[in-house]
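Scroll down for the structure; my scribbles are underneath it.
The values are calculated or read from the model by the stated rules, or taken from the named source; none is laboratory data. Everything quoted here is computed from the prediction, not taken from an experiment. Positions of Cβ are generated from backbone atoms using ideal geometry, with glycine treated the same way; all protein chains shown enter the neighbour counts.
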Amino acid sequence: MELNIENRLKLAKNVAIVSGVFCLAIALVLLLNFLQISKGDPLENEALKVLVQRLSENPQDDALKNDIRNLDLLARKAWFNSKWQIKTGSLLLIFGSVIFALALRVYYSLLARIEIPDQTVENEWKARKLSQKWIIISGLAFLVLSLIASGASVNYLDKYATTSVADNRQKDSADPGIEVIEVAITPAATGDTLLTANDTLTTGAVAAAADTTAKPVEIKAADPSQFSANFPFFRGPMSNGVSSRKNIPADFDAATGKNILWKVTLPLSGTNSPVIWGDKLFVSGANGQKREIYCYDRHGGKLLWTAVADNIQGSPAASPKTTDDTGLAAPTVATDGNYVFGIFGNGDVLAVDMNGTRVWARNLGVPDNHYGHSSSLIVWKKTLFVQYDTNKSRKLVGLDTATGETRWETTRNVKVSWASPILANVGGKYQVILASDPLLAGYDTETGKELWSANCLSGEVGPSPAYGEGLVFSVNEYAQLAAVNPANGQIVWHADEYLSEVSSPVVSGGLLFVATSYGILVSYDAKTGEKVWEHDGGVGYYSSPLVADGKLFIFNTDGKLEVFAVAREKSLLAESSLGVHVTSTPALANNRMYVRAGSSLFCIGNK
């Protein structure tokens, strides 16, 4: 039944009142959000300042470091929640303002068509003028409220910056501080090939001067079998968390030295993980003045060479500020057996040969990243892949491994990311797969062309993707865990009970494993998403789980290694402890495990 003009007038009036009250309420919530943030700045509170001051006086206090990390975690979560509230509230305020303005327009148009007793009846032209006047006034009022509420809610992370760990806590050391707990291992003991007569490295030597650049030569690209036989990237071959290495040690104790074959102190700090090619192990380190790649003899712990990233055109005079848990050397280096590649928090990329001689170097531009750049590198068929998703520029870059020249560059419609790319053989063709807010996407390794994408992520994405059982998996806290079909980009299943903040997932034996920062390790059926089992470790996981020899290996932040059977029934096989804070991911070799913990590098193996 059609409403008469009086009822329509009443309805329009009620809608205007309700939408007006709604807009005022949203504006009030936004203003209160600002007041709450300004009264208790989560990133500059007095408690954090006191803890940082105490740490500067006692830099070896691990319990104090843990307290600071926990405060930092809470601060980042508080900021993320505030950012979401501001964005959502602003959109609701705009929506409410539009409804309010339309309701006023209808109300005054109807008012012009009826007579109101005891008042002079206005003509329609005057009513429209009055309607337009109120619409403009109310619209401007709500716009001002929206701008005040959104603009006043300051993004404290734009102001928040701290020097790298190396600047505050690490002094350069001329002596790498090798602590050999057991002398060189024989070939029979390791099960791996030792240095051959073709290797011309000099133990303890520093690489050639920075201005000496090796001439590019035609080198054959490594094939998948060579990658599988080594541990060349973050999380191993393909960067996917699965290794073919055997007899990984799981019984050790750093306090007593049990099965700790050697331990060295790294010259500069960093949060990246070690990688391995043959007998050589590579890590990087940096502070505000230096950026370096180190090569160690992985059998005895000797420093073979140091390659310095300096005299690079376009490199900034001053390093960008980063948070302590990221620093300037967060990305893990990559190697293809021909070259070693490193990227640092100031945008410098350095390529050296296996003897440490510089091949090329370039700066990609200082990454606009409020924590610091942390996306690691991978290599495939003479192309170095760089995920460069920053606040100002989001792109995947393919560089020629021999020259550093840009082969191609793909602009991405995403936000800043801290995740690292992976390689996956999808239908017989290799793809490089990236995770950022909001997309999980696959790209052609030869052209950089986007092959598929799925809108399934949000927030500050730290975990890297995983591939297995024909599906690609992404996860992030405050978002969801999603399984995506790379053939068409369709989400096959998703879950939101257990979500990782930093640790990357891994797939093996038909199971998907996800580890959370609040100490839960959970196993899912990879194809269906059914939860199979969960484990409450009590301590958070930042290190990513690795699978080798039918077992899953994962360190918690207290430095305890937990080893599980890759099976549908939960089976905790072993527990061992380094006794130090661990956030990096180990590198695996036959009979050996290599772990970076702060300024120390450990070699673990059965004596």
> Within segment 445-460, which residues are surrounded by fewer than 16 Cβ atoms within 10 Å (Cβ to Cβ) and in a strand (DSSP E or B)?
Replying inline: Asn455
> So which of Val379, Val349, Val333 ends up being in contact with an Asp or Glu (Cβ under 6 Å, 6 or more places away or on another chain) and within 20 Å of Ser464 (Cβ to Cβ)?
Replying inline: Val379
>> Quick check on my filter: what residues within segment 478-489 are touching a residue at least 60 places away in the same chain (Cβ under 8 Å) and over 16 Å from Val507 (Cα atoms)?
In response: Tyr478, Ala487
> Given (1) farther than 20 Å from Leu399 by Cα; (2) out of contact with any Leu (no Cβ under 8 Å at 6 or more places or on another chain); (3) of a type in the set (Asp, Glu), where does Asp310 come up short, assuming only one miss?
Replying inline: (1)
> If you scan segment 319-333, which residues turn out to be crowded, with 24+ Cβ neighbours inside 10 Å and closer than 20 Å to Val502 by Cβ?
Replying inline: Thr322, Gly327, Leu328, Ala329, Ala330, Pro331, Thr332, Val333
> Given Ser243, Ser269, which one is out of contact with any Pro (no Cβ under 9 Å at 6 or more places or on another chain), among the hydroxyl-bearing types (Ser, Thr, Tyr) and more than 17 Å from Leu578 (Cα to Cα)?
Replying inline: Ser269
> Out of Val532, Val582, which single residue is touching a strand residue (DSSP E or B) at 6+ places or on another chain (Cβ under 8 Å) and in a loop (DSSP other than H, G, I, E, B)?
Replying inline: Val582
>> Quick check on segment 478-495. Is at least one of its residues within 14 Å of the chain's Cα centre (by Cα), crowded, with 18+ Cβ neighbours inside 10 Å, part of a strand (DSSP E or B) and hydrophobic (A, V, I, L, M, F, W, C)?
In response: no
> So which residues in segment 208-245 are among the aliphatic types (A, V, I, L, M) and either surrounded by 22 or more Cβ atoms within 10 Å (Cβ to Cβ) or at pLDDT 90 or above (or both), if there are any at all?
Replying inline: Ala229, Met238, Val242
>> Looking for something outside any loop (DSSP other than H, G, I, E, B), under 23 Å from Pro586 (Cβ atoms) and of a type in the set (A, V, I, L, M) - is there at least one such residue anywhere in segment 319-331?
In response: no
> Under the condition of being among the β-branched types (Val, Ile, Thr) and under 17 Å from Ile433 (Cβ atoms), which residue from segment 496-513 is surrounded by the most Cβ atoms within 10 Å (Cβ to Cβ)?
Replying inline: Val506
> Out of all the residues in segment 359-367, is one or more without any contact (Cβ under 8 Å) to a residue 60 or more places away in the chain, of a type in the set (A, V, I, L, M) and in contact with a Lys or Arg (Cβ under 7 Å, 6 or more places away or on another chain)?
Replying inline: no
>> Which pairs turn up if I take residues in segment 388-412 that are over 18 Å from Asn346 (Cβ atoms) and of a type in the set (A, V, I, L, M) and look for partners that are at pLDDT below 95 and in a loop (DSSP other than H, G, I, E, B) with beta carbon separation below 6 Å, at least 6 apart in sequence or on another chain?
In response: Ala402/Pro216
> Do you know which residues across segment 512-529 are outside any loop (DSSP other than H, G, I, E, B) and within 23 Å of the chain's Cα centre (by Cα)?
Replying inline: Leu512, Phe513, Val514, Ala515, Ile520, Leu521, Val522, Ser523, Tyr524
> Which of the residues spanning segment 585-604 are surrounded by fewer than 22 Cβ atoms within 10 Å (Cβ to Cβ), polar (S, T, N, Q) and part of a loop (DSSP other than H, G, I, E, B)?
Replying inline: Asn590, Asn591, Ser599
> Would you pick out the residues in segment 406-423 that are part of a loop (DSSP other than H, G, I, E, B) and out of contact with any Asp or Glu (no Cβ under 9 Å at 6 or more places or on another chain)?
Replying inline: Asn413, Ser420, Pro421
> Out of the residues in segment 425-444 that are over 19 Å from the mean Cα position of the chain (by Cα) and either among the polar types (S, T, N, Q) or outside any strand (DSSP E or B) (or both), which is surrounded by the fewest Cβ atoms within 10 Å (Cβ to Cβ)?
Replying inline: Gly428
> Looking at (1) closer than 27 Å to Gly345 by Cα; (2) more than 21 Å from the chain's Cα centre (by Cα); (3) small (Gly, Ala, Ser), which is the only condition Ser474 fails?
Replying inline: (2)
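Going by the structure shown, is Ala351 at pLDDT 95 or above, of a type in the set (Gly, Ala, Ser) and more than 20 Å from Gln289 (Cβ to Cβ)?
yes
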>> Glu575 - would you say it is assigned to a strand (DSSP E or B), of a type outside the set (Ser, Thr, Tyr), more than 26 Å from Ala229 (Cβ to Cβ) and free of Cβ contacts under 8 Å to residues at least 24 places away in the same chain?
In response: yes
> Can you name the residue in segment 540-572 that is among the hydrophobic types (A, V, I, L, M, F, W, C), surrounded by 15 or more Cβ atoms within 10 Å (Cβ to Cβ) and in contact with a Gly (Cβ under 8 Å, 6 or more places away or on another chain) and, of all such residues, is nearest to Ser599 (Cα to Cα)?
Replying inline: Leu546
